[in-house]
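Working notes, structure below.
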Amino acid sequence: MFTVGQIVFGIFFFISFVVIVFFAYKQDKKTINLFYRDSYKILFAFILFFSLLFCIKYFLID
């Protein structure tokens, strides 16, 4: 299905992407903690909203 070149490129791209994201996160760690310290509340609100939609769809509507 894939050629050897495509597989090698995919592996190289994935490893490079993970390394670049890791170093970028490491450099921005202080800024992330300063500006996004309460972001878990927004994540909790999204999870609560989608679970509410799930409950409405499957338990109230036949």
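Where a number appears in this text, it was derived from the coordinates with a stated rule and is not lab data. For clarity, every value in this text was computed on a predicted model and none was experimentally measured. Note that each Cβ is placed from the backbone with ideal geometry, even for glycine, and that neighbours are counted across all protein chains shown.
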Long-range Cα-Cα pairs in the chain (distance over 20 Å), rounded percent
63 percent
Between Phe13 and Ala45, what length in nm is gained on full extension when 0.36 nm per residue of separation is reduced by their alpha carbon distance?
8.1 nm
To the nearest 20 debye, what charge dipole does the chain have about its Cα centre, counting +1 at the Cβ of each Lys and Arg and -1 at the Cβ of each Asp and Glu?
280 debye
Add -39500 (n - 2.57) for each DSSP H run of 4 or more in the chain, then divide by its residues: what number comes out at 222 nm, to the nearest 500 deg cm²/dmol?
-25500 deg cm²/dmol
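Sort out the exposed loop chymotrypsin sites (Phe, Trp or Tyr not before Pro) in the chain (DSSP loop, at most 14 other Cβ within 10 Å) and tell me the longest stretch that has none.
Details: sites that count: Phe2, Tyr36.
After excluding every exposed loop site, the longest remaining stretch is 3-35.
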I want to verify a result. In a Gaussian network model of the chain, Cα cutoff 10 Å, which of these has the top mean-square fluctuation: Leu34, Leu43, Leu52?
Leu52
